[in-house]
Amino acid sequence: MNNTINQLIIICQKMHEEGKTPSVGILRSKAPFKVSVTEAIDAIKRFNASTPRAQTKNSQHDTQPGDDSVSLATRVDALEREVETLKASLADLLRHR
């Protein structure tokens with residue numbers, strides 16, 4: 001499974017280089033093999049944790065607390081990722097009932 005996650009992270013990196021934000025649905029459709037929702041979520045979480053872009057945004061937020069636009073954009077990005085993850089998890093739960 002670790003090899004699968006590593007391959008999915010590589011796909012996430014390619015998507016990021018193309019200017020696209022990795023999502024569960026897109027990642028599952030781009031993978032050349034069958035990917036579960038939980039595997040896609042895990043890969044995206046690991047990608048987001050290791051991507052320099054996310055670390056740069058967080059450091060900007062920490063160093064410029066008075067800049068509401070940076071703070072708001074960072075918060076919206078995080079919330080959108082969280083909602084996407086929750087939707088995917090809910091869909092997976094409903095499918096396995």
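Taken together, the values in this text are just the output of simple stated rules run on the coordinates, not laboratory data. Keep in mind the model is a prediction, meaning the values are calculated, not measured. Note that each Cβ is placed from the backbone with ideal geometry, even for glycine, and that neighbours are counted across all protein chains shown.
A few points about this structure:
- Modelled spin-label separation between THR21 and ALA73, with each label point placed 7 Å from Cα along the Cα-to-Cβ direction: 1.2 nm.
- If the Kirkwood radius is taken over C-alpha pairs of the range 1-42, then at 10 °C and 1.306 mPa s the Stokes-Einstein diffusion coefficient equals 158 µm²/s.
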